[in-house]
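Each reported figure results from applying straightforward, stated rules to the coordinates on display, with no laboratory input. From a predicted model like this one, the values you see are computed outputs, not experimental measurements. Backbone-built Cβ (ideal geometry, glycine too); neighbour counts: all protein chains shown.
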């Protein structure tokens with residue numbers, strides 16, 4: 001959904017987005033429904049504020065044992081959107097403030113809610129997913145799932161460069 005800058009009212013307006021055409025389904029597996037709400041209103045003639053909330057259930061894999069994991073993900077976000085040009089004469093090295101990170105500079109007077117929500121969906125997905133905190137992963141020799149199977153593989157005499165560390169730990 002796109003909204004022309006000129007159509008944004010002075011008072012706050014709330015949008016609930018039920019359709020999911022914007023959701024990056026090719027990159028993030030999910031289970032419907034996806035809930036998205038955006039509140040928007042003008043600050044000045046060239047600046048608006050945008051607050052939003054995104055909630056969906058992601059279908060992920062455990063990073064240790066590859067078991068399927070469902071996680072309810074929620075993301076709240078806030079932006080200042082402006083038509084003013086970003087003007088910084090020193091572009092060689094720049095430290096971004098919190099305000100800079102939350103300011104969107106538009107090249108044309110149209111706000112694309114889909115692009116903002118897509119970005120938030122990617123930001124909501126955790127970098128690391130575990131099925132449980134005590135997940136032991138897979139056996140490196142036979143591939144058994146160590147949390148539910150016992151394997152008879154021996155780690156003694158391993159050719160791993162870390163085998164020496166195991167002997168140090170036992171000493």
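PRE reach from residue 59 (point 7 Å along Cα→Cβ): which of region 124-138 fall under 20 Å by backbone N?
Residues 124-132 fall inside that zone.
Just rank 54, 138, fewest to most, by other beta-carbon atoms within 10 angstrom. Before the final figure, lay out each step's value.
Working: 54 24, 138 18.
Result, fewest neighbours first: 138, 54.
Would you work out the relative contact order for region 2-134, in percent, from Cα pairs under 8 angstrom that are 6 or more residues apart? Don't skip to the end; give the middle numbers.
On the way: 226 pairs, mean separation 36.4, N = 133.
After rounding, I find 27 percent.
For 147, 2, what's the fewest-to-most ordering of other Cβ within 10 Å of each Cβ? Intermediate values should be presented prior to the final figure.
Working: 147 16, 2 9.
Ordered by Cβ neighbours within 10 Å, fewest first: 2, 147.
Grab the beta carbon distance between residue 144 and residue 35, set R0 = 30 Å, and tell me the FRET efficiency rounded to 0.05.
Once the sixth-power term is evaluated, E becomes 0.15.
If you fit an axis through the alpha-carbon atoms of helix 113-124 and take the longest principal axis of the Cα set of the chain, what angle between them do you get, 0 to 90°, nearest 10?
30 degrees
Nearest 5 is fine: what % of DSSP beta bridges in region 1-113 come out antiparallel, could you say?
On the way: 33 of 36 bridges.
Roughly 90 percent of the beta bridges in region 1-113 run antiparallel, per DSSP.
Given the options 115, 36, 26, state which has the largest fluctuation in a GNM of the chain using a 10 Å cut-off (strictly under) for Cα springs.
26
May I ask for the equivalent-ellipsoid semi-axes of region 1-157, computed as the square root of five times each C-alpha gyration tensor eigenvalue and listed largest first in whole Å? Don't jump to the answer; show the numbers that get you there.
On the way: eigenvalues 373, 80, 24 Å².
Value: 43, 20, 11 Å, ordered largest first.
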